[in-house]
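Heads up: the structure comes next, in structure tokens.
The values are calculated or read from the model by the stated rules, or taken from the named source; none is laboratory data. Every value quoted in this text rests on a predicted model; they were computed, and no experiment measured them. Here Cβ is always computed from backbone atoms with ideal geometry, including for glycine, and neighbour counts include all displayed protein chains. SASA here: full protein model, heavy atoms, side chains in, ligands and nucleic acids out. Shrake-Rupley method; radii C 1.70, N 1.55, O 1.52, S 1.80 Å.
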Amino acid sequence: MQITVTRDVFRLAQVFTISRGSRTEAKVLTVRVSDGTHQGMGECVPYARYGESLESVTAQIENVAVPVDRAGLYALPAGAARNALDCALWDLEAKRAGKRAWELAGLPVPGPEITAYTLSLDTPEAMQAQAAKNAHRPLLKIKLGTPDDMPRLEAVRAGAPKSTIIVDANEGWSAEVYADLAPHLVRLGVALVEQPLPAGEDDALIGMDRPVPVCADESCHDRASLPALKGKYDVVNIKLDKTGGLTEALELRRAALAEGYKVMVGCMIGSSLAMAPATLVAQGAMITDLDGPLLLAEDRNAPLTFDEHGVHPPSATLWG
């Protein structure tokens, strides 16, 4: 078994801004695992929010002793390195078996899922223009997270009066700001709000009125996160770069549903290769947010198909 890791850069179609900053490109790591006959591929996005960098994650991957299987990867912490390796091993197993990854996982044949399309943080006028341009999309996600978000919310709703809207504060609000905005979220037809408070300060959600479902993103990584979410959240956002791959993502999904949470499946900004395994987790989810490739100016060969039915599962040429 041989493991190689390379850096790839994908240009974004436009500047993408959240409460923590802006970017013009997606920097990802591509992992290839080969047995000499077959090769599996996986992609991850190191995330500075969790102390990761391209260099640190590359080192983690390169230090993995081979041969390794998916169970052995649990020696690594949940995060980007384990994600890329885990997904590459799923792809390798599928190619060896001549089957699709969902067959190996014992899952039904997947279908398309309507995905959110993300509008980046900007002035109210610019966000209204973004919303109007994308008003044909059934589900829009708004990046917020400042003390002055009401004009942005109003502007997006004016620009896309018929779209379902979800809001992602990226830990940018205080408890006071969230409490003030909550009634307006209802008034404007917002279907869900992601991570309104910083992960380390979300105890403030206990006992607070949640007229709109509240989703744990930065507060939820893997199954070990679930006990701390009780009384605070209604939904968990499953991202493979947080869970450490498809293996743990499927387990987190099962555990979260068993505990009464609804599920959102999200992504970092990456290529179709990063989204492909997540489409399996997204089947039947309350919210699917796998729009990474739609934000890019360029993508992998054999990219995922996005159409009026949503994001489709990958071809075997791409992954799994």
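Of all residues in segment 153-193, those that are part of a helix (DSSP H, G or I), touching a strand residue (DSSP E or B) at 6+ places or on another chain (Cβ under 9 Å) and charged (D, E, K, R) total 1.
Among the residues of segment 246-272, the one identified as surrounded by 23 or more Cβ atoms within 10 Å (Cβ to Cβ), among the polar types (S, T, N, Q) and within 13 Å of Ala84 (Cβ to Cβ) is Ser271. For segment 80-101, the set of residues classified as part of a helix (DSSP H, G or I) and over 28 Å from Thr58 (Cα atoms) consists of Ala97 only. Could you check segment 73-95 and list, in sequence order, the residues that are surrounded by 24 or more Cβ atoms within 10 Å (Cβ to Cβ) and of a type in the set (D, E, K, R)? Scanning segment 73-95 gives Arg82, Asp86, Asp91.
Suppose the filter is closer than 15 Å to Ala116 by Cβ, open to solvent by 50 Å² or more (accessible area, probe 1.4 Å) and within 17 Å of the chain's Cα centre (by Cα); does Met275 pass it? Spelling it out, it is not the case that Met275 is closer than 15 Å to Ala116 by Cβ, open to solvent by 50 Å² or more (accessible area, probe 1.4 Å) and within 17 Å of the chain's Cα centre (by Cα).
Condition (residue is assigned to a strand (DSSP E or B), touching a residue at least 24 places away in the same chain (Cβ under 8 Å) and surrounded by 14 or more Cβ atoms within 10 Å (Cβ to Cβ)) applied to segment 56-72: is it met by at least one residue? No; the residues of segment 56-72 include none that is assigned to a strand (DSSP E or B), touching a residue at least 24 places away in the same chain (Cβ under 8 Å) and surrounded by 14 or more Cβ atoms within 10 Å (Cβ to Cβ). Applying a threshold of 7 Å to beta carbon distances and a minimum spacing of six or more residues, or different chains, the list of pairs starting in segment 98-126 at a residue that is open to solvent by 60 Å² or more (accessible area, probe 1.4 Å) and ending at one that is among the β-branched types (Val, Ile, Thr) reads Ile114/Thr288; Asp122/Thr17.
Picking from residues in segment 196-218 that are open to solvent by less than 20 Å² (accessible area, probe 1.4 Å) and without any contact (Cβ under 8 Å) to a residue 60 or more places away in the chain, the one that is nearest to Pro77 (Cα to Cα) is Asp217. Considering segment 194-217, the residues that are part of a helix (DSSP H, G or I) and hydrophobic (A, V, I, L, M, F, W, C) include one that is nearest to Lys141 (Cα to Cα), namely Ala199.
Residues in segment 17-35 include none that are within 22 Å of Ser315 (Cα to Cα), surrounded by 21 or more Cβ atoms within 10 Å (Cβ to Cβ) and among the small types (Gly, Ala, Ser). A single entry from Ala158, Ala179, Ala175, Ala129 fulfils the requirement of being at pLDDT 95 or above, of a type in the set (Gly, Ala, Ser), open to solvent by 10 Å² or more (accessible area, probe 1.4 Å) and farther than 18 Å from Phe16 by Cβ: Ala158. How about segment 16-36: which of its residues are modelled with pLDDT under 95 and of a type in the set (S, T, N, Q)? Those that are modelled with pLDDT under 95 and of a type in the set (S, T, N, Q): Thr17, Ser19, Ser22, Thr24. In this structure, Gly189 does not qualify as surrounded by 15 or more Cβ atoms within 10 Å (Cβ to Cβ), closer than 19 Å to Pro213 by Cα and modelled with pLDDT under 95.
The number of residues in segment 25-75 that are of a type in the set (Lys, Arg) and under 28 Å from Gly98 (Cβ atoms) comes to 2. For segment 281-320, residues that are touching a strand residue (DSSP E or B) at 6+ places or on another chain (Cβ under 9 Å), open to solvent by less than 40 Å² (accessible area, probe 1.4 Å) and aliphatic (A, V, I, L, M) total 10.
Restricting to segment 132-147, and then to whatever is under 18 Å from the mean Cα position of the chain (by Cα) and free of Cβ contacts under 8 Å to residues at least 40 places away in the same chain, can you tell me which residue is surrounded by the most Cβ atoms within 10 Å (Cβ to Cβ)? Step by step, filter segment 132-147, then rank; the result is Ile142.
Just one of the numbered conditions (1) open to solvent by 10 Å² or more (accessible area, probe 1.4 Å); (2) farther than 23 Å from Ile206 by Cβ is not true of Asp234; which one? Result: Asp234 passes all but (2).
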